[in-house]
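The values are calculated or read from the model by the stated rules, or taken from the named source; none is laboratory data. The structure displayed is predicted, hence computed values, not measured ones. Virtual Cβ from ideal backbone geometry, glycine too; neighbours counted across all protein chains shown. What goes into the accessible areas is simple: the full protein's heavy atoms, side chains included, and nothing from ligands, DNA or RNA. Shrake-Rupley method; radii C 1.70, N 1.55, O 1.52, S 1.80 Å.
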Amino acid sequence: MDASNLFLFVGLPYIAFAIFLVGTIYRYRATGFKVSSLSSQFLEGRALFWASVPFHFGILVVFLGHLTAFLIPSGILAWNSNPVRLLVLQVTAFAFGISVLVGLVGLIYRRLTNPRVKMVTNNMDIVIELMLLVQTGAGLYIGYAHRWGASWFAADLSPYLWSIFLFRPEATAVAAMPFAIKLHIVNAFLIIAVFPFTRLVHILVAPFHYISRPYQRVIWNWDRNLVRNPASAWTETRPRNN
Amino acid sequence: MNKTITLWTRLLLTASVLLSAIGMASPAAAASGEETFKKKCGACHSIGGGKLTGPDLKGVTERRTEAWILQFVKSPQKMADSGDAAAKALLAEFGFPMPDQDVTDADIKAILAYIAGGGGGGGGGAAAPAAPAAPPSAADIELGAKLFQGLVRFEKSGPACNSCHHVKNDAVIGGGVLARELTTVFTRMGAPGTSAIIGQPPFPVMEAAYKGRDLSPAEVKALVAFLQDVAAKEAMQTPVDYGNNLLIGGTGLFLVLACLYGLIWRRRKQLPVNHAVFERQVKSQ
């Protein structure tokens, strides 16, 4: 394997994961309250829905798909051993991939054109959106032009990723892959490397406990009609803390 | 600021230590010429056993210079492209380029020494299974078709061939397009070449996919039988374009998803709560 492949598929993943780990921990310790993704829903809501929802549901399914193939490749190969199941898996994955692309293009368009959203945009927002665009484009191209990705991911890329995580890197097969796949892999490592410096950190603090938490009722302990009546004195509800 | 610098210094140090550890671990111990030959070359080349998929390598060092061989083995296609007459002649004779080999100069020299020593006689791939007698049995063809698309799993649970390979045949679904299409592989390589490659893949991607999951001789025989049948019946097939179906199916399913998104959140707030305030500001500007 030549030096450039050695760097891209052995050196880069370790550099990326090191930056990811140290950077994320540092950011959380230094500016914990800024570990989030600044919402712009208050500034613009209509376009956001048709961009954010397809993007997020798409990327969740696509990401979990990649994760499953990485964790239990034999399960994926067993599932794909039936051609109908293989087709169902590939078409579903492709549909969610399109969902990501449509959502992402919508998000970028909204961010670049809406004056209010523009005001709260920083450089890294643009950088990460463009990186994700390259990643999604390459992913969809691979799905179309190098099918059946679910099977060969389980057969070739899962062992490669495991070899990285177990510190016994073995990248000969990856080095011989077509360009689009190499691009997808390298760009994935780059995204992991810039992760701590972007709004992607919100993935780590996703409020999953909201799913199982009891719902909250908001109760006003005063007469709503009285408060809304301009004639009534507002000592009725005067706040005590300011 | 000081704190930040120390942190980044530490990070860089850790990364470089990690990298150097990896660097030390990666170079594999040099294998013997015989081992490497059997693993990398034996699928397509014999030593004194006649032409297989590639030329017989007996006396190759007398036909070519060592420098030429060192350059050729690493990237045959590049060499043919650069206009080397001998490489072009080989490409024309065998009809397809030899795949690039991930070997060092030392490996190649060890292989050449092994070849010069006579290569232990006959040659050929390590335990290449016997070629099926023509025409192959219907049972083998059927088993081969099932193995090819995974309906019958390989004994050691290796991935099905159609993960990466396509064949033009109505008996199986469209295969992958990561690797070469195999419709006419049997015509090009014949039974010995085909079974040698399946039994001992010389391509890095395929080698990694079947590492520790070698196919049994019976499985290889069935696959070769199927590929022979595919090559023979090529003209009679009505293939489906799976690539475009994937595109259409995916887009259709996405539209269904989009409707679902709209339906699930049909009672969403269409505008931000302070939309009216924003509008007022824009107007007053």
Any hit, region A:185-207, residues being in contact with a Leu (Cβ under 6 Å, 6 or more places away or on another chain) and touching a residue at least 60 places away in the same chain (Cβ under 8 Å): yes
Matching residues in region B:253-281 - criterion: being within 7 Å of another protein chain (Cβ to nearest Cβ) and among the charged types (D, E, K, R): B:268, B:269
Residue A:75, sole failed condition from (1) loosely packed, with under 15 Cβ neighbours inside 10 Å; (2) at the interface with chain B (Cβ under 9 Å from one of its Cβ atoms); (3) in a helix (DSSP H, G or I): (2)
Residue satisfying all of: in region B:131-168; among the polar types (S, T, N, Q) and open to solvent by less than 20 Å² (accessible area, probe 1.4 Å); nearest to the other protein chains (Cβ to nearest Cβ) among these: B:163
Entirely in region A:111-152, the helices (runs of 4 or more DSSP H) that have 1 or more residues that are under 30 Å from residue A:80 (Cβ atoms): A:123-145, A:149-152
Unmet requirement for residue B:260, which otherwise passes all of (1) closer than 21 Å to residue B:150 by Cβ; (2) in a helix (DSSP H, G or I): (1)
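Residue-wise test of (1) acidic (Asp, Glu); (2) in contact with a helix residue (DSSP H, G or I) (Cβ under 9 Å, 6 or more places away or on another chain); (3) modelled with pLDDT of 85 or more.
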{"position": "B:119", "(1), (2), (3)": "no, yes, no"}
{"position": "B:122", "(1), (2), (3)": "no, no, no"}
{"position": "B:130", "(1), (2), (3)": "no, yes, no"}
{"position": "B:135", "(1), (2), (3)": "no, yes, no"}
{"position": "B:140", "(1), (2), (3)": "yes, yes, yes"}
{"position": "B:143", "(1), (2), (3)": "no, yes, yes"}
{"position": "B:160", "(1), (2), (3)": "no, yes, yes"}
{"position": "B:164", "(1), (2), (3)": "no, yes, yes"}
{"position": "B:167", "(1), (2), (3)": "no, yes, yes"}
Hey, residue B:254 surrounded by 11 or more Cβ atoms within 10 Å (Cβ to Cβ) and in contact with a helix residue (DSSP H, G or I) (Cβ under 6 Å, 6 or more places away or on another chain) or not: yes
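Filtering region A:115-130 down to residues that are open to solvent by less than 30 Å² (accessible area, probe 1.4 Å) and either within 14 Å of the chain's Cα centre (by Cα) or among the polar types (S, T, N, Q) (or both), which residue is nearest to residue B:279 (Cα to Cα)?
Step by step, filter region A:115-130, then rank; the result is A:125.
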Out of B:248, B:264, sole residue that is more than 27 Å from residue B:168 (Cβ to Cβ), hydrophobic (A, V, I, L, M, F, W, C) and surrounded by fewer than 16 Cβ atoms within 10 Å (Cβ to Cβ): B:264
Long-range neighbours under 6 Å by Cβ, at least six apart or interchain, first residue open to solvent by less than 20 Å² (accessible area, probe 1.4 Å) and aliphatic (A, V, I, L, M) within region B:39-63, second at pLDDT 80 or above and part of a loop (DSSP other than H, G, I, E, B): B:43/B:200; B:43/B:202; B:47/B:57; B:47/B:58
Residues of region A:103-114 satisfying the condition of being open to solvent by 60 Å² or more (accessible area, probe 1.4 Å) and of a type in the set (Val, Ile, Thr): A:105, A:113
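Would a scan of region B:234-242 turn up a residue that is among the aliphatic types (A, V, I, L, M), within 14 Å of chain A (Cβ to nearest Cβ) and under 24 Å from the mean Cα position of the chain (by Cα)?
Initial filter on region B:234-242 (among the aliphatic types (A, V, I, L, M)): B:235-236, B:240.
In the following step, the residues that additionally are within 14 Å of chain A (Cβ to nearest Cβ) were identified as B:240.
If we keep only those that are under 24 Å from the mean Cα position of the chain (by Cα) too, we end up with B:240.
Scanning region B:234-242 turns up at least one residue that is among the aliphatic types (A, V, I, L, M), within 14 Å of chain A (Cβ to nearest Cβ) and under 24 Å from the mean Cα position of the chain (by Cα).
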Residue among A:145, A:69 that is within 8 Å of chain B (Cβ to nearest Cβ), hydrophobic (A, V, I, L, M, F, W, C) and farther than 23 Å from residue A:196 by Cα: A:145
Scan of region B:169-200 for residues that are in contact (Cβ under 8 Å) with a residue 40 or more places away in the chain, open to solvent by less than 20 Å² (accessible area, probe 1.4 Å) and not in a helix (DSSP H, G or I), ordered by number: B:169, B:174, B:183
Selection from region B:224-248 of residues that are closer than 30 Å to residue A:161 by Cα and of a type outside the set (Phe, Trp, Tyr): B:243, B:246, B:247
Region A:1-30: number of residues that are more than 10 Å from chain B (Cβ to nearest Cβ) and under 24 Å from residue A:107 (Cβ atoms): 3
Exclusive hit being open to solvent by less than 50 Å² (accessible area, probe 1.4 Å) and either part of a helix (DSSP H, G or I) or within 28 Å of residue B:267 (Cα to Cα) (or both), set A:55, A:33, A:63: A:55
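At pLDDT below 95, more than 12 Å from chain A (Cβ to nearest Cβ), surrounded by fewer than 20 Cβ atoms within 10 Å (Cβ to Cβ) and outside any loop (DSSP other than H, G, I, E, B): does that describe residue B:225?
The answer is no for residue B:225.
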Residue B:212, sole failed condition from (1) open to solvent by 30 Å² or more (accessible area, probe 1.4 Å); (2) touching a residue at least 12 places away in the same chain (Cβ under 8 Å); (3) in a helix (DSSP H, G or I): (3)
Region A:80-96, residues that are open to solvent by less than 20 Å² (accessible area, probe 1.4 Å), more than 7 Å from chain B (Cβ to nearest Cβ) and either closer than 30 Å to residue A:48 by Cα or not in a helix (DSSP H, G or I) (or both): none
